Amino acid sequence: MPFAVVHNAHRTSDDPLVMIAGGPGGRVIPRRIRPVSPEFGGRDVVFFEQRGTDLADPRLDCPGYAEEKQKAQLGRIDGRELARGLIEVARRCVADAGRKGIRLSGYTSRAIVGDLEDFRRLQGYSRINLVGVSYGGKVIFEYARDHPDHTRAVVANTPLTLEANYDEQGQSAMRRTLDLIIAGCEREPACDDAHPRLDRKFRDIVERVGVPRLLFSDFPLGNAAGRPKDAVSQAFTLELALRTLEAAPGSRTTVQSPLRWSSNPDWKLDYCNIERLGPDEIRRRREEFDRAKLQAKQLRDGIDLASRGEEQRR
C-alpha cells in the first residue's frame, strides 16, 4: 500500500499520527509534503492510502461514473436514467477488473483494516493515533475495535457509525447527525440563545442554493413520503407536494409539511440511535438488515442474468 511518513524534526512521541482519507477511494498523500506542524504534538505524520486508490497498484478506476453523475446534476437525465447508466458503467468496470485479474471481493473495509495493521507491525509502531474523514472514519473505528491494544487515540470527522454500511446508510447517518446537533442545541440554553431556530437556518441554506421547489417534511430520512404504512399521511404528503409544484411562483419556494413524526421532539435523539438499543435489539436489526441485503443481491443477480440472456439472444 502507498504511504508517506513525514518525520517530525522535534519528535517527542513514538506513536505517529496516521491520516486516512474518505471516499471510499480518496487520495490522502498530498502532492506537496510540508514540515510537520507543532500542533501534532511532537509526532511523525503518516499518510496511509487505501487499496485501489490513485497511487495504489492495482489502481481501481471506473470511467464514466463521474460523467453520469454530472449529467444528472445538470438535469440532462432523470433519476431513472441515472440508475440505468450507473448500473451499465458498473458492469463494464466489473468486467474490466475481471479481465485484469483483479478480485473485487478483496476491496472491503475489513481488508483495509488488515492493511493498516500490517503496516503498523512492519513499521514497528507499538501504538498509533488514527485520523479519518468521512468513510475513513468508519475504517479507523473498525481498526480500533479489532486492535484496541495498538490504538492510542481516534479522531473521526464522520457521520458514519461503526455499524453503518456506507452506501446503504451513509445518507441516513448524515441526516441523523444533523438532527442530533439541532436537538442538542435546542436543549442547551447557551447554544439555543446563540443559534436560535437552528433547524430553520438549515432550510435557509437549502433555499439559498436555489432549489426550484422544496417540500420539507421533518421526518427521518427515508420517510419523506409519510409515515410507514400510514396511507392517510402518505396521501396528504403527495397532495401537498403536487400543490407546491403547481402553485410555486418560482425557484426557492419552500413549503413545510404540518405533519409531525412525533409530538415529542426527543425522537430525533432516539431514532436509529444505537446507544439506546440493547444487544438483542441490535442483533435483531442487524439480522433483518442482512436479510434485506441478501434479497437485494438475489434480485440484482437475477436482473443481471436476465440481461445477459437477452444479450445472448440478440
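The values are calculated or read from the model by the stated rules, or taken from the named source; none is laboratory data. Just so you know, these numbers come straight off a predicted model, no measurement behind them. Neighbour counts run over all protein chains shown; Cβ positions are idealised from the backbone, glycine included.
Residues in region 31-64 that are hydroxyl-bearing (Ser, Thr, Tyr) and either modelled with pLDDT of 85 or more or surrounded by 13 or more Cβ atoms within 10 Å (Cβ to Cβ) (or both): THR53 only. Considering only residues that are touching a residue at least 40 places away in the same chain (Cβ under 8 Å), touching a strand residue (DSSP E or B) at 6+ places or on another chain (Cβ under 8 Å) and part of a loop (DSSP other than H, G, I, E, B), look in region 3-25 and name the one that is surrounded by the most Cβ atoms within 10 Å (Cβ to Cβ). The extreme case among them is PRO16. Looking only at residues of region 70-86 that are under 21 Å from the mean Cα position of the chain (by Cα) and surrounded by 15 or more Cβ atoms within 10 Å (Cβ to Cβ), we find that the one that is modelled with the lowest pLDDT is ALA72. Taken over region 117-158, the criterion of being out of contact with any strand residue (DSSP E or B) (no Cβ under 8 Å at 6 or more places or on another chain) and under 14 Å from ILE20 (Cα atoms) is satisfied by GLU117, TYR135, GLU142.
Out of the residues in region 147-178 that are among the charged types (D, E, K, R) and modelled with pLDDT of 75 or more, state the one that is surrounded by the fewest Cβ atoms within 10 Å (Cβ to Cβ).
Among those that are among the charged types (D, E, K, R) and modelled with pLDDT of 75 or more, it is ASP149.
Restricting the first member to region 190-201 and to residues that are closer than 14 Å to ASP179 by Cβ, and the second to residues that are among the aliphatic types (A, V, I, L, M), the beta-carbon pairs closer than 7 Å and six or more apart or on different chains are LEU198/ILE182; ASP199/ILE182. Pairing each residue of region 262-286 that is modelled with pLDDT under 75 with any residue that is exposed (fewer than 12 other Cβ atoms within 10 Å of the Cβ), provided the two are 6+ apart or on different chains, yields C-beta distances under 6 Å for ASP270/ARG276.
In region 42-56, what count of residues is obtained for those that are touching a residue at least 40 places away in the same chain (Cβ under 8 Å) and assigned to a loop (DSSP other than H, G, I, E, B)?
8
Checking each residue in region 91-103 for being assigned to a helix (DSSP H, G or I) and without any contact (Cβ under 8 Å) to a residue 12 or more places away in the chain picks out VAL94, ALA95, ASP96, GLY98, ARG99.
Only one of the listed residues (GLU68, GLU39, GLU81, GLU88) is in contact with a Lys or Arg (Cβ under 9 Å, 6 or more places away or on another chain), in a helix (DSSP H, G or I) and of a type outside the set (A, V, I, L, M, F, W, C). That residue is GLU81.
Would you please name the residue that is surrounded by the most Cβ atoms within 10 Å (Cβ to Cβ), looking only at residues in region 104-122 that are in contact with a helix residue (DSSP H, G or I) (Cβ under 8 Å, 6 or more places away or on another chain) and modelled with pLDDT under 90? The residue in question is SER109.
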